[in-house]
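Written below as structure tokens is the structure these notes are about.
The values are calculated or read from the model by the stated rules, or taken from the named source; none is laboratory data. Note that the coordinates shown come from a computational prediction; the quantities given were computed from them, not determined experimentally. Backbone-built Cβ (ideal geometry, glycine too); neighbour counts: all protein chains shown. Calculation scope for accessible area: heavy atoms of the full protein, side chains included, ligands and nucleic acids excluded. Shrake-Rupley method; radii C 1.70, N 1.55, O 1.52, S 1.80 Å.
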Amino acid sequence: MKHYTSIHDIDDINSWIEDAKALKKDPLKHLELGRNKTLGLLFFNSSLRTRLSTQKAALNLGMNPIVMNVSGDAWGIEFGDGTVMNGNTAEHIKEAAAVISQYCDVIAVRAFPTLTDKAKDESEEVLNAFKKYASVPLVNMESATGHPLQALTDAITISEYKKKDRPKVVLSWAPHIKALPHAVANSFTQAMQKMDVDFVITNPKGYNLSPDIVGDTPVIHNQEEALKDADFVYVKNWSSYEDYGKVVNTDPNWMITKEKIGDAKFMHCLPVRRNVIVEDAVLDSDSSIVIQQANNRTYAAQLVLKKILENA
Ligand code: SN0
């Protein structure tokens with residue numbers, strides 16, 4: 001594998017899950033693989049789990065991670081072609097990506113969507129510019145439309161905790177005060193479509209994800225009906241896709257409660273807003289596997305880096 005930019009870079013999700021579980025059992029087994037290799041982590045947006053777990057994954061493979069908060073600390077990067085750069089951007093992605101490629105053997109990038117310009121977000125301007133102008137492999141640490149490291153993590157976690165061959169997995173929208181990206185929900189949906197699970201999405205009207213992502217997956221607007229007999233409830237807020245980037249509903253009745261969750265396991269990518277997305281009683285109970293889920297971020301990232309290093 002050259003790049004890991006979307007869930008479609010996973011050729012066989014079941015074998016990847018098994019490989020990740022093997023790494024988890026013996027994380028330092030491949031400590032020689034990344035010796036003297038540098039991983040550059042570039043953040044245009046905030047991060048806790050992605051930043052730390054991806055560095056940890058690199059260290060477990062013997063790599064040297066170097067990190068930069070691009071939006072805070074670097075020169076403003078221009079992505080437009082042919083732009084007269086007499087505004088706020090000081091250097092072009094053509095130079096920036098070429099220069100960073102000389103310092104790094106693998107580049108990982110986090111760049112959230114604008115949530116105002118759908119066409120720009122769907123073109124994955126930042127991620128694709130790095131892909132085009134960098135000369136080394138690229139890892140997506142959450143882009144405008146996808147978060148494939150998170151989705152691989154989620155697939156591993158469901159495989160670990162499932163009690164039946166074909167569990168029922170529900171992706172439920174929950175309210176939030178801010179407009180959030182679709183990336184986590186998109187990649188989770190795509191991962192579940194590749195797995196042997198009974199998968200449904202529930203969200204209020206006006207909150208359907210992109211039809212290109214949803215495909216044949218059932219979308220149920222009645223949350224109670226969707227949650228019936230669920231084994232895993234994956235909760236996430238996203239802003240409207242139809243009324244692009246807008247918050248058109250904050251109905252607190254969509255918050256996940258202990259009563260709603262029943263015997264199912266609660267999953268969330270984190271960070272999660274307590275008593276807005278989900279009540280304390282769920283997060284503070286054994287129903288929640290969010291901490292164990294976050295632990296798997298390391299092994300998902302480690303597997304991706306290992307595959308890239310083996311291909312180099
Ligand atoms: C991001 C998102 O894509 O929804 C990152 C999740 C891994 N989450 C947020 O931006 C949450 C921000 C907040 O204020 O709650």
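Which ranges mark the helices (runs of 4 or more DSSP H) fully within region 1-76 that have 2 or more residues being touching a Pro at 6+ places or on another chain (Cβ under 7 Å) and either on the phi > 0 side of the Ramachandran plot or surrounded by 20 or more Cβ atoms within 10 Å (Cβ to Cβ) (or both)?
Once the helices (runs of 4 or more DSSP H) in region 1-76 are filtered for at least 2 residues that are touching a Pro at 6+ places or on another chain (Cβ under 7 Å) and either on the phi > 0 side of the Ramachandran plot or surrounded by 20 or more Cβ atoms within 10 Å (Cβ to Cβ) (or both), what remains is 49-60.
Working only within region 30-54, note down all residues that are out of contact with any helix residue (DSSP H, G or I) (no Cβ under 9 Å at 6 or more places or on another chain) and more than 13 Å from the ligand (Cβ to nearest atom).
Of everything in region 30-54, those that are out of contact with any helix residue (DSSP H, G or I) (no Cβ under 9 Å at 6 or more places or on another chain) and more than 13 Å from the ligand (Cβ to nearest atom) turn out to be 32, 35, 36.
Given the condition more than 16 Å from the ligand (Cβ to nearest atom), touching a helix residue (DSSP H, G or I) at 6+ places or on another chain (Cβ under 9 Å), closer than 19 Å to residue 188 by Cα and open to solvent by 10 Å² or more (accessible area, probe 1.4 Å), answer yes or no: does some residue in region 245-259 qualify?
No - not one qualifying residue is present in region 245-259.
From the residues in region 44-62 that are over 14 Å from the mean Cα position of the chain (by Cα) and in contact (Cβ under 8 Å) with a residue 24 or more places away in the chain, which one is nearest to residue 104 (Cα to Cα)?
Looking at the filtered set, the residue picked out is 58.
Failed condition for residue 207, given (1) within 23 Å of residue 278 (Cα to Cα); (2) in contact with a Leu (Cβ under 8 Å, 6 or more places away or on another chain); (3) within 16 Å of the ligand (Cβ to nearest atom); (4) without any contact (Cβ under 8 Å) to a residue 60 or more places away in the chain, with all others met?
(2) is the only condition that residue 207 fails.
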